[in-house]
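Right, one structure below, let's go through it.
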Amino acid sequence: MKTITAYKCKDCGHVMYPHHYRCLNCNGLDFKEISPTTKGRLLTYTIVDQLPWGIDERGRVLGVVEFDNGVKALGVIKTAKPRIGMRLKVGWQPVRVISGEKVYGLTFRKTK
Amino acid sequence: MRPVVVAGVGMIPFERRDEDSLVDMLAMAGWNAMEDAQLGDRSIDAVYVGNMASGLFNHQESVASALVDRLGLMPAAAERIENGPASGGSAVKNGFLGVASGFYDIVLVVGGEKMREVIGPKATDVVACMTHPQAEYIYGVTLPALAGMFTRLYMEKYGVTHEHLAMVAIKNQENGLLNPYAHIQMKITMEGILTHPQAHINSPIVADPLRLYDCCPVSDGAAAILITTEEIAQKLKRPIVTIAGVGQATDTHTLQERSDPTDLRAVRISSQQAFKMAGLKPKDIHVAELHDAFTILEIAESEHVGFFSKGKGAKALADGETRIDGKLPINPSGGLKARGHPVGATGVAQIVELVWQLRGEAGERQVKDASNGFSLNFGGFGNNVLAFVLRREA
């Protein structure tokens, strides 16, 4: 399954997403590319009723997830009753159409 | 560095201004500041324009060049400064540096935005363009959505309630009724926006837990200040209000990368810088204009600036300490919530309000005996923040 690429500092082990030229923790310059694990936990979320132009829906749930290997990323939460701390399983689906092209991104569903 | 004086201030009412172009609005505000300074035929060395997105909102670029032409200020230097919702604050900072360094003697700073030229969802999209393109924007994230996620964490950690959020909206809209420049001229009640069984019709969800009345309106508007040296200001015979402290700090582009997302690090650092430069402490401030684009921000910023300790901002609000007649009035202008938030204008409009307050020219919303003021202009979602301390000289 396609997913995002995150970065682990070879000096201090700090995990970053998105990419930075210098480690945000130790200013290190060498990184190992890593993928997020398949599961994580919801850190915070919002249910958005007023979405921007081009997304014709209401009630999209957006949330920040911390994967089990420490990667943190925003994504679309595909569960009607989100709660902080809930376990989620990652997916990779179209999240927006930009200039007529489907753009894929992280989606999350409830799991144990 | 030379002391820098705000010798003139000017604004136009923030509202929906269909009849005026962006450059019209910038010119009117700029002219008002020049008149207020009683500048006469002295020439202006440089013009800085704070504006976030004239290209996307209005299909016009190089607005600073257009402005000097409209005002007839050539050959003054002219630049547009873009820093998202803190574009106005950044323009003020650049103007300040020009005069403080001795490079310029008289500088006009104008902030403005014409957002109502596009429909609401497009304005939301234009503002969302400041988010991270791959890690945030593609998901449909909006600034209210980032604020919603922040609010949920802040409520959980510090016990802030929906009632506290509504108190900010009610207070600032009450203040707005006393400000002829404020976009929203409407009294609201706790019952009408929160506690009545049908309050959700008046104040629907925008980005849960934030509702309509937790968010600033989308406005058109412009504000301007004319800044100069102490020596020239004395000749102009206007009250002397100096920019005594300036601070600016940044934070991660995305909210998720902050080790504690409820910590507004750039607010803390920029405020500390501004206080240190001014030789003042938060307790020395008599009036503050904070960046309440969302009600939660007024509470959180009041703590991060140092006015109240962490977790105590909501109580201070509930106790009435931040009302115009309170111990530390916050947003007597009505703030972004009532005055409106034409993004590039806000940081300048905050300084205009402080100058009016420190001169004793704020009319019905005048804060008593105010001689030290503070403003905070919050760019992105707290990833680029400017803080200013203004002082009325005896």
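The values are calculated or read from the model by the stated rules, or taken from the named source; none is laboratory data. Everything quoted here is computed from the prediction, not taken from an experiment. Neighbour counts are summed over all protein chains in view; Cβ atoms, including those assigned to glycine, are modelled from backbone coordinates with ideal geometry. These accessible areas exclude ligands, DNA and RNA; they are computed on the full protein's heavy atoms, side chains included. Shrake-Rupley method; radii C 1.70, N 1.55, O 1.52, S 1.80 Å.
Points to keep in mind about this one:
- The C-alpha atoms of chain B define a longest principal axis, and helix B:343-359 lies at about 70 degrees to it.
- Residue list for the range A:67-99, given a label point 7 angstrom along the Cα-to-Cβ vector of A:Cys26 and an amide N cut-off under 13 Å: none
- Charge sum, other residues only, whose C-beta stays under 13 Å from B:Ile243's C-beta, Lys/Arg counted +1 and Asp/Glu -1: +2
- Percent carbon-and-sulfur accessible area, the range A:6-110, ignoring ligands, DNA and RNA, probe 1.4 Å: 44
- Within the range B:1-76, the GluC sites (Glu not before Pro) that combine a DSSP coil assignment with at most 15 other C-beta atoms in a 10 angstrom radius are B:Glu19, B:Glu61.
- Delta accessible area of at least 50 Å² on complex formation, residues of the range B:257-273, 1.4 Å probe, chain isolated as reference: B:Glu257
- For chain B, built as a Gaussian network whose Cα springs stay under 10 Å, the top-fluctuating residue of B:Ala91, B:Ala76, B:Ala314: B:Ala76
- Against the main long axis of the alpha-carbon atoms of chain B, helix B:143-158 sits at an angle near 60°.
- Efficiency of FRET from Cβ geometry, A:Glu57 and B:Met1, R₀ 60 Å, rounded to 0.05: 0.70
- Virtual paramagnetic centre 7 Å along Cα→Cβ of B:Ser309, amide N under 19 Å, in the range B:319-333: B:319-322, B:328
- Using alpha-carbon coordinates, inclination of helix B:265-278 to the longest axis of chain B, degrees: 40
- In this structure the protein assembly as shown gives 39 Å² per residue of accessible area when probed at 1.4 Å with all protein chains present.
- Taken across both chains, chains B and A shield about 2700 Å² of accessible surface from a 1.4 Å probe.
- In this label model, A:His19 and B:Asp41 are separated by 6.0 nm, measuring between points 7 Å along each Cα→Cβ vector.
- Per residue of A:51-58, other chain Cβ atoms within 10 Å of the residue Cβ number 6 on average.
- Helix content alone sets the calculated 222 nm mean residue ellipticity of chain B: runs of n ≥ 4 DSSP H residues at -39500 (n - 2.57) each, divided across all residues, give -11000 deg cm²/dmol.
- A viscosity of 0.890 mPa s and a temperature of 25 °C, combined with the Kirkwood radius over C-alpha pairs in the Stokes-Einstein formula, give the range B:214-334 a diffusion coefficient of 149 µm²/s.
- Most tightly packed first, judged by the mean number of other beta-carbon atoms within 10 Å of their residues, the peptides A:38-45, A:83-90, B:257-264 read A:38-45, B:257-264, A:83-90.
- Take every Cα pair under 8 Å whose residues are at least 6 apart in sequence, average their separation, divide by the length of the range A:6-110, and the relative contact order is 22 percent.
- Whichever lysines have a C-alpha closer than 29 Å to that of A:Lys81, once near sequence neighbours (fewer than 8 apart) are set aside: A:Lys2, A:Lys39, A:Lys72, A:Lys89, A:Lys102, A:Lys110, A:Lys112, B:Lys122, B:Lys157
- Of the trypsin sites (Lys or Arg not before Pro) found in the range B:343-394, the ones in coil according to DSSP and having at most 13 other Cβ atoms within 10 Å of their Cβ are B:Lys368.
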